[in-house]
Amino acid sequence: MIPSSAKAVAIICGIAFAATFGSTISSHAFDNSRQASTVRILSGDQHGSGVIIKHSEGGYWVITNQHVLEKREWHCIESSGGERYQGHLVPLASNKDDLALLWFNAGDKEEQVAQLAYQQRESGEAIELVIATGSPATQEYVERPGLTIPLLGEPLEGGYTLTYTSDIDKGMSGGGVFDENDRLIGLNAVHQEPLWEANRNYQSGEPLTAKLNQQLDLVALGLNAEQVRMALVGVNENFKVEKDSAGISSTCADEAEE
């Protein structure tokens, strides 16, 4: 395990790194697979992000946070190229984490699928450079650099295991966390510096110490790629919703412009 003093230094360095190299708000500033696989999601009054993680014969699959979606039949997905699709919720066989899966038909359009990091990362050990992606509510696509900070030995409620220093804004929930090789290592879920006091619990129900709660206030929380893979186990591979041949929802186009 990394000593507490080293963790503290890493947190400070990570925050300074993020502040120095900061956010870029132009969606045209990036031309990479991270941006191409990251989507914006509109769900009623809710707004968030997601990542395209799979392509099947019928369409594409987007992973996001459960808390991004309102309880409704369909959700609007906007790709990096500006195409808008109607996303349908895909039931997960077993999921106690803050994850949700959407399916959409892109018709003849080709969308980018993110590459998952297949090597299982040991929680609580490595400090590494990451890039968080997403679409804040008041901005276009952004990329936020940071460092992973190992603080958790077991998942929090919601399944959160990933702790990192990238500056996450409202609307970036469900966006990707990528390593330096553009592989998806996790999803954004909770931004740092909560507006109210956070009394967090482990997924087992055991409360965190006050000291650890204070440390977690300084970092973003997310879910790792292994949890994404586990959530996909047992998903109906033949899931499909009949739609117009173009796959683009005029309802979503109208809603996005409101």
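Readers should treat all values here as calculations from the given coordinates under stated rules, not as data from a laboratory. Keep in mind that what you see is a predicted model, and the values were worked out from it rather than measured. Please note: Cβ atoms are built from the backbone with ideal geometry, for glycine as well, and neighbour counts cover all protein chains shown.
By the count of neighbouring beta-carbon atoms within 10 Å, fewest first, Met172, Met230 end up ordered Met230, Met172.
Counting neighbouring beta carbons within 10 Å and listing from fewest to most, the residues Tyr60, Tyr164 come out as Tyr60, Tyr164. Contact order, relative form, for the range 47-137: 33 percent (alpha carbon pairs under 8 Å, 6 or more residues apart, mean separation divided by residue count). With a Förster radius of 51 Å applied to the C-beta separation of Glu237 and Lys211, the computed FRET efficiency comes to 0.70.
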